[in-house]
Amino acid sequence: MTVSKMTWRPQYRSSKFRHVFGKAATKENCYDGVPITRSVQDNNFCAVNPRFLAVITECAGGGAFLVLSVHHTGKVDPQHPRISGHRGNVLDIKWNPFNDCCIASCSEDATVKVWEIPPHGVYKNITVPWKELQGHSRRVGLIEWHPTANNILLSTAYDYQIMIWNLDCPEQVIKNPVRTIKHHADVVLSMSFNTDGSLLATTCKDRKVRLMELHSGSLLRETSCKTHRASKVLILGNMKMLLTSGTSRYNDRQIALWDQDDLSVPLLEENLDGSSGVIFPFYDPDTHMLYLAGKGDGNIRYYEISSEKPYIHFLTEYRSHLPQKGLGVMPKRGLDVSSCEVFRFYKLVTIKSLIEPLSMIVPRRSESYQEDLYPMTAGYRPALTAEEWLSGMNKGPLLMSLKPGSQIAESLSDMKALGNSLDTRRSQGRPDMLQLAYIQDRLEAKESRADSTHTEDAMIHAPVSNGEDLSFCSPPRTENELRVKFHKQQEEIRRLRELLNQRDVRIKQLELEIKNIKNSQSQSSL
């Protein structure tokens, strides 16, 4: 008789993101001396893009926020110019995803204002907005840009209404939104779009989650679950799922996962801890990673989301003794792909008046570009104009590659068509000759485009020195003015050096590619 022994084998889930770790910036690369707002609103108070960092500041006699260059780290001048056109406290700010020099802000004065930021930064106080939106009757607490349509902005206020605005109109003061959504009986706490912006999910102070069709404003579904009280919501890309953060019936902090087509009962509920701070969820659709950061916490938990049970897989946790009041998130196109950075937070530390960049990094030995970490991602060009979206169209985002030197794809279908045509041409001729011709064409096109761009810039900015019109320039009269001009000149020199370095690296890459192709041709001919 044979006796079979049962062997215990631990079940490990393979994941390339299992060892992701958080790396906080050094003190020299933080932003020190920033008077962060003391507002109790449950917002992030910070917005970031690859060029600028904006943060809501504490000020008397109205509302203001600060706009800094992302490279302007170190001690911030207490007299640094601000954007200060609101009559009440600023409650939320958001950068336009398709224009790095355009930012929207909302305030307790019941208005939304859209600002144009000078390309070289803010060197004097800005008080006149590009657009002013007047329609809400009470303070406006939250704004969101449409993810694929240009110049479409959503705002929600303490009048329980969501208003959709079209900024592509000649008026400087816009008083009539293109659509108003009135399904909420209390204050809207958060809003989230799906990938193409056709659906909008919201959480409300009544703790319900609502899913709406954005064009018509019609209510599709809403939750009726009593065991989970939601405060923040995210639509998880194209996974047909929603994630909410909130509290359980026993006031434990909790997250819940919902089927987008059935909001009656959550797919999953998971208790986190017994703290009281609001949980801010952040989702990266490219890596399917979810980050949970609590207001007043020092730690950030991160998970991986899958479409099959158990859906949420805990990875690890970043720990810090510095509590965060809010968090800004850098868009994917602003990440450092050479260090395998997959996410970057800008952490507001009120007790130290500090903004601390925090990078999430996948440890890899190779320093080359990692294709598997950076799939095609949403780019910086809109897929639709405001007029097209208002006519009823929906379209997914235009995708771009994060590989250094690559160009944005016009659309996924255009990419597939291009790939098919290239495959056909490769089958008809020599692939090496095709690739060489393709690279040479790209080089010539880029050079001609650069020449035309330089010519246009020279024509447009002929009377400009260091980003200022010479007709308005005057010699500095005080020590503070001299310091501002000095910092401005240093920033300009730094920006030009970075631009030159990037172009030198790109030229070397293309020369190396051409050399490799020529060598392969000579070997194949032998």
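Stretch Asn238-Glu388 to full length: gain in nm at 0.36 nm per residue minus the Cα-Cα span?
Value of the extension gain: 51.8 nm.
How long is the gain from Ser307 to Arg503 if the chain were fully straight, where each residue apart is worth 0.36 nm and the alpha carbon distance is subtracted?
That works out to 66.4 nm of additional length.
If you count only protein heavy atoms with a 1.4 Å probe, what accessible area per residue comes out for region 154-312, rounded to a whole Å²?
Using a 1.4 Å probe on heavy atoms only, each residue of region 154-312 averages 39 Å².
Measuring with a 1.4 Å probe in the full set of protein chains, what accessible area per residue, in whole Å², belongs to region 62-104?
32 Å²
Counting only residues 5 or more places away or on other chains, whose amide H sits under 5 Å from the amide H of Thr316 once H atoms are built in the peptide plane?
Amide H neighbours of Thr316: Tyr302.
What full-extension length gain, to one decimal in nm, is calculated for Glu222 and Thr316 as 0.36 nm per residue of separation minus the Cα-Cα distance?
Result: 30.6 nm gained on full extension.
Provide the per-residue ³J(HN,Hα) series for region 346-363, in order, calculated from phi with Karplus coefficients 6.51, -1.76, 1.60 and θ = phi - 60°, each as a whole number of Hz, with x at glycine and proline positions.
In residue order, the calculated couplings are 10, 8, 8, 10, 5, 5, 10, 6, 10, 10, 10, x, 10, 9, 9, 10, 8, x Hz.
Given a cut-off of 23 Å, name the pairs among Lys75/Lys488; Lys75/Lys332; Lys75/Lys352; Lys23/Lys309 whose C-alpha atoms lie farther apart than that in the structure shown.
Lys75/Lys332; Lys23/Lys309
Show me the three semi-axes of the equivalent ellipsoid for region 249-346, from the C-alpha gyration tensor (sqrt of 5 times each eigenvalue), largest first, rounded to whole Å.
The three semi-axes for region 249-346 are 24, 20, 11 Å.
For region 364-407, calculate the relative contact order in percent as a whole number, restricting contacts to Cα pairs under 8 Å that are 6 or more residues apart.
Answer for region 364-407 is 44 percent.
From the backbone phi of region 256-264, what are the Karplus-calculated ³J(HN,Hα) couplings (6.51 cos²θ - 1.76 cosθ + 1.60, θ = phi - 60°) in whole Hz, Gly and Pro given as x?
9, 10, 10, 6, 4, 8, 8, 9, 6
Sorted by accessible area with a 1.4 angstrom probe, largest first, how do Glu492, Glu367, Glu222, Glu171 fall?
The ordering from most to least exposed comes out as Glu367, Glu171, Glu222, Glu492.
Which value, in Å² and to the nearest 10, is the accessible area of Leu315 when all protein chains are kept and the probe is 1.4 Å?
30 Å²
Can you run phi through the Karplus equation (6.51, -1.76, 1.60; θ = phi - 60°) for region 69-76 and list ³J(HN,Hα) in whole Hz, with x for Gly and Pro?
Using θ = phi - 60°, the values come out as 5, 4, 8, 8, 8, x, 6, 8 Hz.
How large is the accessible surface of Trp130 in square angstrom, using a 1.4 angstrom probe and rounding to the nearest 10?
Counting only protein heavy atoms, Trp130 exposes about 80 Å² to solvent.
Report, to the nearest whole %, how much of the accessible area of region 246-328 belongs to carbon and sulfur atoms, 1.4 Å probe, protein only.
About 45 percent, which is the carbon plus sulfur part of the accessible surface.
The values are calculated or read from the model by the stated rules, or taken from the named source; none is laboratory data. Just so you know, these numbers come straight off a predicted model, no measurement behind them. In case anyone asks, the SASA skips ligands and DNA or RNA and just uses the protein heavy atoms, side chains included. Shrake-Rupley method; radii C 1.70, N 1.55, O 1.52, S 1.80 Å.
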